[in-house]
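This report concerns only the one structure given below.
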Amino acid sequence: MRTRPTLSLVRVSVAAYATFLGLNVQAGEPASAEPRGVPAAFGNTIKALYPDGKHQRIWLHPDGTWDAIGRRGKANSGKWSVKGEKVCLKQSKPIPIPVSYCTDFPSDGGVGAVWAGKDMTGEPIKLTLVKGIERP
């Protein structure tokens, strides 16, 4: 007679464990979680602040293209790629530039991420990923 209550207790324990395990599997990252790394830039603005207080704004697109408004208000564009932990930009307009500019991009960063970098000439800049398409 003791087997029956023990068997019921085992069934209840297994059911509780399975339910708990199912909850843990579902408790991963929610479906509405913000993207991280380069995908976080899509539909948002990478804003570079220069020591003179002026900003450059860059927009990366999922198709591998980018466009920007420089700190002097001029538009430029080209293609981007990822090399290691860096994002590399190669300009094609207004004039093609034969070298790529590469800068760190935080792999775990999302909207609001801030990091230090240098522009193509080596000038220090502060980069921020800003929500939305911010036009000057």
Amide H neighbours of I125 under 5 Å, at least 5 residues apart or on other chains, H built in the peptide plane: list them. G117, K118, D119
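Using a simple charge model, +1 on the beta-carbon of Lys and Arg, -1 on the beta-carbon of Asp and Glu, nothing else, what dipole does region 38-130 show about its Cα centre, in debye to the nearest 20?
Numbers: 13 positive and 8 negative charges, 67 e Å.
Result for region 38-130 is approximately 320 debye, rounded to the nearest 20.
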Spin-label zone in region 94-125 - amide nitrogen under 13 Å from a point set 7 Å from the Cα of R72 along the C-beta vector: 94-95
Cross-link candidates for K54: which lysines have Cα within less than 18 Å, leaving aside residues fewer than 8 places away along the same chain? K74, K118, K126
Whose amide H sits under 5 Å from the amide H of C102, counting only residues 5 or more places off or on another chain, with H placed in the peptide plane? L89
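Provide the gained length on full extension for the span T128 to V114, in nm with one decimal, where the gain is 0.36 nm per separating residue minus the Cα-Cα distance. Spell out each step's value before the answer.
Numbers: separation 14, 0.36 × 14 = 5.04 nm, distance 0.44 nm.
Length gained between T128 and V114: 4.6 nm.
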Phi-based couplings in Hz for region 73-90 (Karplus 6.51, -1.76, 1.60; Gly and Pro marked x): x, 8, 8, 8, 7, x, 10, 10, 8, 10, 10, x, 9, 10, 9, 10, 10, 10
Proximal aspartates and glutamates to K86, defined as alpha-carbon separation beneath 20 angstrom and excluding residues fewer than eight positions away on the same chain: D63, D67, D104, D108, D119, E123
Convert each backbone phi in region 123-129 into a coupling constant with the Karplus relation 6.51 cos²θ - 1.76 cosθ + 1.60 (shift: θ = phi - 60°), then list the ³J(HN,Hα) values in order as whole Hz, x for Gly and Pro. 5, x, 9, 10, 9, 9, 8
Would you mind classifying region 38-130 by shape? Square roots of the alpha carbon gyration tensor eigenvalues, ordered a ≥ b ≥ c; an a/c under 1.5 is rounded, otherwise it is prolate if a/b is larger than b/c and oblate if not. rounded
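Throughout, read-outs are computed from the coordinates displayed, never taken from laboratory work. Only a predicted model underlies this, so the values are computations on that prediction, with no experimental measurement involved. Quick reminder, even Gly has a Cβ in these numbers, built from the backbone with ideal geometry, and neighbours come from all protein chains shown.
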